[in-house]
Structures are given as C-alpha cells and as structure tokens.
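Have a look at the structure below, then the notes.
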Amino acid sequence: MSAKLISPYLTSGYEWLRGNLHTHTTRSDGSQDPEPTARMYADAGYGFLCISDHDTLTWPIAGPDGLVLIPGLEVAGGPHILAVNVERPIGKDQSRQAVIDEAVAAGGIAVLNHPNWGFDFNHFPQDQLEALRGHVGIEIYNGVVDALEGSALATDRWDQLLSRGLHAWGFAHDDLHDERLFARGWLMAQVTERTRDGVIEALRRGRFYASTGVDIRRITVRADTISIEAPRAQRIRFIGAWGRLLHEADDWEAGYRIGGREGAYVRIECLGRGGRCAWSQPIYIVREDDDQAEGGR
Ligand SMILES: [Zn+2]
C-alpha cells in the first residue's frame, strides 16, 4: 500500500511571522487601550495581531510600523467564535453556523474558541464542534483558561475532529485580558508576503504552527517520512488518529516513517522546558486504496 503525504508547510520562499489573533482591550473587558496593546506586541517581535474584542469591532487601529493588524472580533451568544479579517461587526444572536457563514461571507476566517473552558470542561460541546462547517479550526491552547475553570488545552477535541475526517487547523492564543496573559500562546506563520492578505492566506492553508514557547525550524516531508527540527525541544511526539502516540524521541530533531497504523493524519508535538510546547498542523495521509482521507474538507 503506497501512501502520499500532504503537508501544509512550505520548504522555501517564506519567512516565519509570529502572531496572536485573540486579544481584548478596553473596548470590551481588557485592561489596556488598543494602541498600547498593539505596541506591546510589536515591541516583543510579533509580526501580526488581531484585536478581537467581545462583540465589538475595534477598528481601525493606529498600529506601529511593521506590525500587520487584522480586524476582527469574538462573537458570543453561544460558544465563542473568533471572526478574523472582517471589517464589520457580526451579530451574536444567531446560530453558530450563521456566525461562521457571515464571517466567511465578509472575507474572513472563523476559529472555534476554548472548547474545554468551564466547570464542565465543555464550553464548546463536541457534537456542535463536529456539526459546524466552514471554519478554519479550533483553539487547541487558550491562555486565559489556564487561570480559569477547565482546561486551556484542547488537543483531545482536535484529535476527535481530525479522526472523524473533519478538517481543522490548531490555534494557540493569549486571549489577552491583562498583561499577565501576554505571550502565553501564539502562532508562527509561514508568510510569503508581510501583509494582511499574506497572513490570512497562510492561516487558511495551515502554513503555521501553534506554540507556548518552543520554536519549530523546519518540517519536511520526503516520500513516506516526516522530519522535524525544533531547536529547543527536549522531546518530540508523533501522534496519529484518535490521539494515538506513534513514536517519541528525547531529542530536538526526529523523523517518522509512515507504517500503516496512523489513520488519516500525523501531527507533531515538540515539548520543551517548563511544559512549553509547539504543535504542528496535521500532515494528511492519502493511501491509494483510501480516497476517504480528506473527507469533510
Ligand atoms: Zn476572548
């Protein structure tokens, strides 16, 4: 049985750009005004930022040079949805599918937020996650939930979606409300141009990874082998369908050869010091006798 690997990552002609898409300011329940918030991210070396106040479009913003600002908001009225790259507000009193459809119709992308937030660890019920279409993915790490009830991590939800053949990229965000939440979770995107369109294109296509403090230098796919280099990682884990651990190495670089028990994807976690992690996007496996591998995309 021959397998073809489909990686979202570029191997040349890009630069890594760091960004956060989930940020509150004084326009909703954040502690800082929009402009100083943008400056704080730019000063820390971020290349893109979406200010996503609750049900409020904070736009336009006078941003510092070199920081790509993206308009957006976080839509409540049910489990929260980030609408990114939209220049008009989106009403909260409608179905979650209608929120996604409206964001997409406005030229944006939608991300399903902090699924495991709350006393019941169930802000976004799994059956609802699995029923929604047209979003680009889910938050697999959300910084504010680290200090609230529930779990900041949601790779358990992600593996269920991916294993059912649904397409979702994994996002990590600060969900900044005050400075203590600054730089807890971020994205590193492979952009071919340092513009709003360049960033959104990378996010749509999954040309990014999510991180809480580990950098990935390179992910390459050759024939049936996936290789990764993450200079400050101490352990690398290759994970397949239903969250199954396929291979792990106590090293900063590692490779994995497709063997047949992965299911439809492999994703990689790079663990570093102090519980820090970088999460790759799924690399899809299309087997010759299996054209279901990309179902639901
Ligand atoms: Zn939020």
Is it true that some residue in the stretch 217-233 is more than 27 Å from Ala83 (Cα to Cα), at pLDDT 95 or above and within 17 Å of the chain's Cα centre (by Cα)?
-> yes
What do you reckon, is Glu74 more than 30 Å from Gly260 (Cβ to Cβ), free of Cβ contacts under 8 Å to residues at least 60 places away in the same chain and assigned to a strand (DSSP E or B)?
-> yes
Meets criteria (within 17 Å of the chain's Cα centre (by Cα) and under 28 Å from Arg244 (Cα atoms)) for Leu166 = yes
From the list Leu49, Leu17, Leu57, which one is part of a strand (DSSP E or B) and surrounded by fewer than 24 Cβ atoms within 10 Å (Cβ to Cβ)?
-> Leu17
In the stretch 195-242, what residues are surrounded by 23 or more Cβ atoms within 10 Å (Cβ to Cβ), over 23 Å from Phe182 (Cα atoms) and in contact with a Gly (Cβ under 6 Å, 6 or more places away or on another chain)?
-> Gly240
Where residues in the stretch 21-49 are within 11 Å of the ligand (Cβ to nearest atom) and within 30 Å of Arg218 (Cα to Cα), which of them is nearest to the chain's Cα centre (by Cα)?
-> Leu21
Here the qualifying pairs (Cβ atoms under 9 Å; residues six or more apart or on different chains; first in the stretch 23-43 and closer than 16 Å to Val75 by Cβ; second more than 16 Å from the ligand (Cβ to nearest atom)) come out as Thr23/Ala38; Arg27/Asp33
What single numbered condition from (1) away from the ligand (no atom under 13 Å from the Cβ); (2) surrounded by fewer than 19 Cβ atoms within 10 Å (Cβ to Cβ); (3) at pLDDT 95 or above fails to hold for Ile109?
-> (2)
Answer yes if at least one residue in the stretch 119-136 is touching a Gly at 6+ places or on another chain (Cβ under 7 Å), part of a strand (DSSP E or B) and closer than 26 Å to Arg244 by Cβ, and no otherwise.
-> no
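The values are calculated or read from the model by the stated rules, or taken from the named source; none is laboratory data. Everything numeric here is computed off the predicted structure, so don't read it as measured data. Glycine also receives a Cβ, built like all others from the backbone with ideal geometry; neighbour counts cover every protein chain displayed.
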